[in-house]
Amino acid sequence: MIIAFESIPQEVLENIAFFAVASSPLGPPRELLKFLLLNKRLHASLSSTFNPHLHSRIFATKFDTAALVRRLGPGAATAPKLAAELRRRFIQLGRLRALIGCTVGAMAASGTGTGTGGGNGGGGMTEESMRSLHEMLWTAYLMMLENDGKNERQLREYARLDRWLHAFWFAEDGTSCAQLAIRDNAWPPNNDLSAVTMWLFWFLLKPEEYLELDEAEFRNVISILKLLALGAHQYPVCRPAWVDFVPNQTAGRRSAAPPAYASYPSLSPPPLAAPAVLSYLSLATRPSTGADTVKPWSPLVPSSVSPQVCMSSEWDCEWERCKRLAGIHGPTSESPSGTFKPGTMEGIWEGLFTYTEFTAYAELLSGAPPPTLNKTLVARHQQTWRLHEYHLLLPSGEDESEAETVLEDPQYKPLSPGDPLPQGDGIRVYEPGREADTFYHRCPEPDQVTTEYAKRVREILIAGQGHSAWGQFELIGRVRPGDGFVTLSKEYTDGDRGKWLYRGYFVGDAHGNFTGRWRDTLSPAEVLGYEGCFFMSRRRDCATSKLIGE
């Protein structure tokens with residue numbers, strides 16, 4: 001019996017179109033176009049205007065949505081919004097795939113009046129082309145913050161974003177203007193585009209691919225990353241300044257996210273220093289053979305994490321930090337605010353720190369150009385830390401009416417900004433001028449750090465010990481509320497190695513790294529000092545145990 005095409009039910013046609021599209025997960029839904037062009041009935045029944053439900057289903061097969069719903073609520077992922085975003089997103093991915101805006105030449109070839117151009121703030125950029133480039137890169141950045149596997153595949157395999165980023169940063173006429181600036185004895189620009197693209201570079205970095213480059217090209221890559229990682233006087237490790245423990249609420253710059261399917265708040269990317277340091281230290285020690293590309297003393301790169309891991313949870317704190325830096329729920333003296341998860345720093349850590357010749361660094365602080373740093377040798381030392389967290393806890397079981405009274409109780413007030421404290425099973429602190437002392441509880445086991453427990457944490461102190469080739473040392477510090485910025489004092493217990501200040505962010509979560517820069521403590525805090533970079537990762541067997549426990 002032959003069934004007339006017109007008699008096929010709508011839901012059957014929809015499923016046929018859906019499964020035809022789902023058979024090719026990468027790239028735009030080209031199979032759907034064939035249905036839409038077949039006749040007016042199919043176009044009317046399958047187009048995004050008349051059938052947003054189908055297009056939202058297609059979106060969910062090609063992109064991740066769990067993090068979006070978790071962060072912005074179910075209303076951010078309605079069928080009409082996802083249907084509209086499906087088309088917008090593949091337009092942006094297509095521009096990345098075509099290498100639009102990654103070099104000055106590509107920017108000029110794309111035109112400036114069509115909205116498809118891209119570039120930085122260099123000559124010839126129009127307001128519309130700059131807006132277009134921002135939208136394209138913010139789309140990719142948000143996709144990686146929401147990535148649970150599908151987003152990265154679209155960016156890496158379809159859009160070839162890693163190729164775009166390589167040209168942007170390292171090509172002779174890359175739109176980052178890094179090479180152009182260095183040739184003019186200037187530093188590569190430090191702006192929101194630089195920050196977003198450096199974070200994307202870190203998210204997608206596969207060290208083995210860069211370690212296979214020829215010597216000249218590899219040296220070119222390392223020279224640029226070296227400037228960004230070690231040029232502390234040009235690329236601050238944090239924003240607001242590290243000396244502001246309770247920053248002014250207006251300290252963050254605002255930067256609008258792209259007009260996407262969700263009602264995103266204003267966002268501002270974290271500084272480029274953290275991903276630049278991690279990228280540099282992942283590549284700087286080039287092994288003599290390809291068999292040693294994954295070293296225990298190198299940062300844990302996101303691309304090495306098992307595909308079974310839902311990576312979007314790794315970036316929940318980065319998402320929150322983007323909001324805080326843009327002025328959403330501004331910095332406060334109370335609680336880590338979602339930018340730092342209690343228990344993060346607990347455990348054994350391994351990593352390294354770098355330092356350069358002091359006289360060469362002094363020249364940089366006096367205005368020497370970038371080649372001075374690139375010609376300077378960088379020494380590296382491995383180190384091991386054992387850290388414990390101590391939490392100032394609000395009482396449990398308080399209802400909303402009692403919460404305000406508890407917050408004003410002196411025994412639950414965080415410490416004033418100042419020097420760190422001695423450690424023990426718990427820390428009881430007496431601060432001159434206070435009516436009551438304050439007790440900081442030792443961080444419980446990981447499985448006991450529940451959501452309810454985290455809500456009670458009002459401040460986090462960190463203390464521990466460590467050792468390196470220079471000797472043993474004590475570590476003590478605290479977490480800055482508002483953005484999760486960690487400051488640790490590192491003081492050697494013997495010899496004349498002195499006292500150093502480690503400042504940085506924890507990037508990631510279970511598969512993350514603590515990274516940033518150290519500086520001397522002899523220079524006044526308000527002036528530029530002698531600095532180097534560092535990273536610390538959880539000891540691999542400890543990280544594995546934590547994952548098994550979860």
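The values are calculated or read from the model by the stated rules, or taken from the named source; none is laboratory data. Bear in mind the structure is a predicted one, so any value in this text is a computation, not a measurement. Here the Cβ is made from the backbone with ideal geometry for all residues, glycine too, and neighbour counts use every protein chain on show. When the accessible area is computed, the model is the full protein with side chains, heavy atoms only, and any ligands, DNA or RNA have been set aside. Shrake-Rupley method; radii C 1.70, N 1.55, O 1.52, S 1.80 Å.
Some notes on this structure:
- Heavy-atom accessible area per residue - the stretch 37-110, 1.4 Å, Å²: 44 Å²
- Peptide packing: for 272-280, 143-151, the average count of neighbouring Cβ atoms within 10 Å per residue gives the ranking 272-280, 143-151, highest mean first.
- Modelled this way, with points 7 Å down the Cα-to-C-beta line, the labels at Val309 and Arg88 are 3.1 nm from one another.
- Peptide ranges 158-171, 176-189 listed from the most packed, as the mean C-beta count within 10 angstrom indicates: 158-171, 176-189
- Rough spin-label spacing in nm, given labels placed 7 Å along Cα→Cβ, for Val378 and Leu72: 3.7 nm
- For the pair Glu363 and Leu38 in one chain, pulling the backbone fully straight at 0.36 nm per residue adds 110.0 nm over the alpha carbon distance.
- Put simply, the amide H of Cys533, placed in the peptide plane, has neighbours under 5 Å in Thr354, Trp518, leaving out anything fewer than 5 places away on its chain.
- Distance between the 7 Å Cα→Cβ label points at Asp214 and Glu128: 4.1 nm.
- Protection proxy ranking of 472-484, 522-534, 371-383 - average other beta-carbon atoms within 10 Å, highest first: 472-484, 522-534, 371-383
- Restraint check, Lys206/Lys341; Lys81/Lys455; Lys34/Lys206; Lys341/Lys499, Cα-Cα greater than 29 Å: Lys81/Lys455; Lys34/Lys206
- Prolate/oblate/rounded label for the stretch 126-210 (Cα gyration tensor, a/c 1.5): oblate
- Interchain or long-range residues, amide H under 5 Å from Val507's placed H: Asn513, Phe514, Thr515
- Average projected area [Cα convex hull, the stretch 1-90], square nanometres: 6.4 nm²
- Per-residue HN-Hα couplings for the stretch 499-505 [Karplus 6.51, -1.76, 1.60; θ = phi - 60°; Hz; x = Gly/Pro]: 10, 9, 10, 9, 9, x, 10
- Counting heavy atoms of the protein chains alone, Glu217 has an accessible area of about 70 Å² for a 1.4 Å probe.
- Taking all protein chains together and a 1.4 Å probe, the residues Trp500, Trp385 rank Trp500, Trp385 from largest to smallest accessible area.
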